[in-house]
Amino acid sequence: MQSRRKFLQNTALLGVGSALSNPLLAENKLQIEKDRPFPIVIATWNNEKAVKAAYQVIKSGGRAVDAVEMGAKVPEADPNDTSVGYGGFPDRDGHVTLDACIMDEFGNAGSVMFLEDIMHPISVARMVMEKTPHVFLAGEGAQQFALENGFEKQNLLTDKAKQALEEWRKTSQYQPKINVERHDTIGILAADSNGNFGGACSTSGLAFKMRGRVGDSPIIGAGLYVDNEVGAATATGLGEVVVKKVGAFSIVEMMRNGKSPQQACEEAIKRLQNLKNIQDLQVGYIAVSKKGEIGAFSVHPGFQYAVVQKGKFRLVDSKSLFSEKK
Ligand code: SD4
């Protein structure tokens, strides 16, 4: 009698053979591949190098979660990016404190917040996801975990960031206003060739924030949310308002209920309208659906997002609630 294993092997071989020998089936398969919107990588702001690095990971057979981790590491290591990792602007006491989170296609999540002296918080967040029973690690505990797992302490405060703090201290006016600082927080979403998602978000948070302040970026559901059945969303801008509206999760839920990513991002921004001072703040959302559709929307003009889809890069100006540049 034929064993079950042998039977499966034979039928698999038969399947491949008939697809290859049937030109119609082979052509169909090619067409399906061509029409597929995946792989796709999309990130907040002009994170061109990051989306390209992430895309490369997928092309080399990596998972979407590997891709977004790699993508987020690009601005984390860039001293000229003043909103993420090394070179990030410090809090008002002169400390660079980092927030990051990551999610994979199985709904796993990991996050670090208020982490100091570690260049790649996104990789620590991934380790929290994969090596601990927890989701969030904060402050000293997050750093201890990182050091125990092979990360090294590094001074992340650059001369440029120090100078910016000194300049700010001349007035010490803390009123987060739109575009007063270069917003470059990276929120990055990816889907591999099979449409499996991953997402990551990494930031040094608001420049000159109070010591201990944590924003939306490491908060699962606020700064980032991935649901492999539906799609993914991420946020940038003033974290306090994103947290209050649980931004990324609300976008994914709206997509689950039938809205396109564009409609969902617009609705999520409109929901900020009942908060006071909306005209003085900036928030940008991006989202991707399971169909590979993209959405983006912001409060004010000036928000851009970077995309690589089927090998092609583009930088897109997001539509916004207000049309006048402030
Ligand atoms: C925060 N959302 O910490 C971040 C800041 C940001 O581009 O996105 N800057 O509130």
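The values are calculated or read from the model by the stated rules, or taken from the named source; none is laboratory data. Just so we're clear, the structure is a prediction, and the values are computed from it rather than from any experiment. Here Cβ is always computed from backbone atoms with ideal geometry, including for glycine, and neighbour counts include all displayed protein chains. All accessible areas refer to the heavy atoms of the entire protein, side chains included, with ligands and DNA or RNA removed. Shrake-Rupley method; radii C 1.70, N 1.55, O 1.52, S 1.80 Å.
Filter the stretch 117-140 down to residues that are open to solvent by 40 Å² or more (accessible area, probe 1.4 Å) and outside any loop (DSSP other than H, G, I, E, B), then give me how many there are.
6
Give the residues of the stretch 305-326 that are open to solvent by 70 Å² or more (accessible area, probe 1.4 Å) and part of a loop (DSSP other than H, G, I, E, B), sorted by residue number.
310, 319, 322, 323, 324, 325, 326
Any idea how many residues of the stretch 69-88 are open to solvent by 20 Å² or more (accessible area, probe 1.4 Å) and either over 22 Å from residue 310 (Cβ atoms) or within 12 Å of the chain's Cα centre (by Cα) (or both)?
Residues meeting the conditions: 8.
Taking residue 58, is it in a helix (DSSP H, G or I), surrounded by 12 or more Cβ atoms within 10 Å (Cβ to Cβ) and at pLDDT 80 or above?
yes
Which one of 271, 211 is more than 10 Å from the ligand (Cβ to nearest atom) and touching a Lys or Arg at 6+ places or on another chain (Cβ under 6 Å)?
Residue meeting the stated conditions: 271.
Collect the residues in the stretch 258-288 that are open to solvent by 10 Å² or more (accessible area, probe 1.4 Å), in contact with a helix residue (DSSP H, G or I) (Cβ under 8 Å, 6 or more places away or on another chain) and not aliphatic (A, V, I, L, M), keeping them in residue-number order.
Of everything in the stretch 258-288, those that are open to solvent by 10 Å² or more (accessible area, probe 1.4 Å), in contact with a helix residue (DSSP H, G or I) (Cβ under 8 Å, 6 or more places away or on another chain) and not aliphatic (A, V, I, L, M) turn out to be 259, 263, 267, 271.
For the stretch 179-206, what are the residues that are surrounded by fewer than 24 Cβ atoms within 10 Å (Cβ to Cβ), within 9 Å of the ligand (Cβ to nearest atom) and among the hydrophobic types (A, V, I, L, M, F, W, C)?
Answer for the stretch 179-206, where residues must be surrounded by fewer than 24 Cβ atoms within 10 Å (Cβ to Cβ), within 9 Å of the ligand (Cβ to nearest atom) and among the hydrophobic types (A, V, I, L, M, F, W, C): just 206.
Taking into account only those residues within the stretch 38-51 that are buried (at least 18 other Cβ atoms within 10 Å of the Cβ) and outside any strand (DSSP E or B), which is nearest to the ligand (Cβ to nearest atom)?
Looking at residues that are buried (at least 18 other Cβ atoms within 10 Å of the Cβ) and outside any strand (DSSP E or B), I get 45.
From 91, 66, 99, 35, which residue is within 16 Å of the ligand (Cβ to nearest atom) and surrounded by fewer than 23 Cβ atoms within 10 Å (Cβ to Cβ)?
91
Where the second residue is at pLDDT 95 or above and of a type in the set (Phe, Trp, Tyr) and the first is farther than 18 Å from residue 212 by Cα and lies in the stretch 125-138, which pairs have Cβ atoms under 8 Å and are six or more apart or on separate chains?
Listed by first residue and then by second, the contacts come to 127/145; 128/136; 128/145; 132/145.
Rundown of residues vs (1) outside any helix (DSSP H, G or I); (2) more than 17 Å from residue 222 (Cα to Cα), yes/no style:
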| position | (1), (2) |
| --- | --- |
| 249 | no, no |
| 262 | no, yes |
| 266 | no, no |
| 288 | yes, no |
| 292 | yes, yes |
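Within the stretch 215-257, can you find the residues that are within 14 Å of the ligand (Cβ to nearest atom), open to solvent by 50 Å² or more (accessible area, probe 1.4 Å) and either within 16 Å of residue 290 (Cα to Cα) or touching a strand residue (DSSP E or B) at 6+ places or on another chain (Cβ under 6 Å) (or both)?
None - no residue of the stretch 215-257 is within 14 Å of the ligand (Cβ to nearest atom), open to solvent by 50 Å² or more (accessible area, probe 1.4 Å) and either within 16 Å of residue 290 (Cα to Cα) or touching a strand residue (DSSP E or B) at 6+ places or on another chain (Cβ under 6 Å) (or both), so the list stays empty.
Among the residues in the stretch 158-173, are any more than 16 Å from the ligand (Cβ to nearest atom), small (Gly, Ala, Ser), modelled with pLDDT under 95 and within 18 Å of residue 69 (Cα to Cα)?
no
Would the stretch 155-171 turn up any residue that is under 25 Å from residue 54 (Cβ atoms) and open to solvent by 30 Å² or more (accessible area, probe 1.4 Å)?
The answer is no, given that none of the residues of the stretch 155-171 is under 25 Å from residue 54 (Cβ atoms) and open to solvent by 30 Å² or more (accessible area, probe 1.4 Å).
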